[in-house]
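Below is one structure, written out as structure tokens; comments come after it.
Every number here is computed from the coordinates shown, using simple stated rules; none is lab data. Keep in mind the model is a prediction, meaning the values are calculated, not measured. Positions of Cβ are generated from backbone atoms using ideal geometry, with glycine treated the same way; all protein chains shown enter the neighbour counts.
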Ligand SMILES: C[S@@+](CC[C@H](N)C(=O)[O-])C[C@H]1O[C@@H](n2cnc3c(N)ncnc32)[C@H](O)[C@@H]1O
């Protein structure tokens, strides 16, 4: 059988160290210690595995896509008039600066909270509401018809490609950024749908314990969003928006970035 000094090297201070002497005196206790150690080794391995899985899960959860296929439920949540108080859509629209002829894509358009408001301002432009849930796309198209907004059209995108039908002046993404997977590739690809002087606007919840919005571990800090988008060629521009719970980030395309 292996002796303890074989598994755990014991420093040799003299011909026979104190620990060695103690070890030799222990007799049958040695067997008990060895049994205990061999029982503990798999436990520490499982604990390490468990910790790793928890880390992976947290990372996964942060970008997890919840299904938004229960239209009626989400319409009540997204279109709740109480949202206007903290979402301040008019202030957001004013900050971004939308003109009559602006062509806009709203990625993660859902039931149309922002796209409907955009369409009422960009009356001579076009507004595309992009979502990956077909029943939300149908819902928004029905809403556009009902509210007589011929300049608003909802389109089914792919999770990794918004499939915007033309180059737009503005891409707007509210509370959806963290749902997008492989964001580096996604936002690199997004540039082909933007006019050279086009802008990308991200509105999302700040980190911290807030009365509204997703769980803290699902959220991305403002700095993280800026860092991710800067790497793939977007340039942060100053803006004056001040929302109680969310940040508003306005980017343009960094034309100086080497291809
Ligand atoms: C939290 S909701 C935000 C809804 C809306 N922007 C608003 O402010 O009311 C997220 C929406 O993004 C959609 N979504 C998730 N991943 C997406 C992706 N990769 N491309 C487009 N839409 C996506 C979901 O189906 C859902 O409708």
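Short-range pairs are left out: with C-alpha atoms under 8 Å and at least six residues apart, the relative contact order of region 71-253 is 19 percent.
In percent, what relative contact order does region 90-142 have, based on Cα pairs under 8 Å that are 6 or more apart in sequence? Before the final figure, lay out the partial values.
Details: 73 pairs, mean separation 20.2, N = 53.
Dividing the mean separation by the residue count of region 90-142 yields 38 percent.
Taking the Cα centre of each part, how many Å lie between region 88-153 and region 176-232? Cα centroid of region 88-153 versus Cα centroid of region 176-232: 19 Å apart. Placing a label point 7 Å from the Cα of residue 237 along the Cα-to-Cβ direction, the residues of region 86-107 whose backbone N falls under 13 Å from that point are 95-99.
Exposure proxy ranking for 104, 164, based on other Cβ atoms within 10 angstrom of each Cβ and starting from the fewest, stands as 164, 104.
Taking every pair of alpha-carbon atoms in region 71-253, give the share separated by more than 29 Å as a whole percent.
Cα-Cα pairs of region 71-253 separated by over 29 Å account for 13 percent.
Cβ crowding within 10 Å, taken as a proxy for footprinting-reagent exposure, orders 226, 137 from fewest neighbours to most as 226, 137.
The overall shape of region 72-117, judged from the alpha-carbon gyration tensor, is oblate: a/c is not under 1.5, and a/b is no greater than b/c.
Across region 199-258, Cα pairs under 8 Å and at least six residues apart give a relative contact order of 44 percent. The value for region 178-259 of Rg(Cα) / (2.2 N^0.38 Å) is 1.15.
If the chain between residue 255 and residue 123 were fully stretched, how many nm would it gain, using 0.36 nm times the residue separation less the Cα-Cα distance? Please report the intermediate quantities before stating the final value.
Numbers: separation 132, 0.36 × 132 = 47.52 nm, distance 2.94 nm.
Contour length minus Cα-Cα distance gives 44.6 nm.
Counting 0.36 nm for each residue step from residue 71 to residue 189 and taking away their Cα separation leaves a gain of 39.6 nm.
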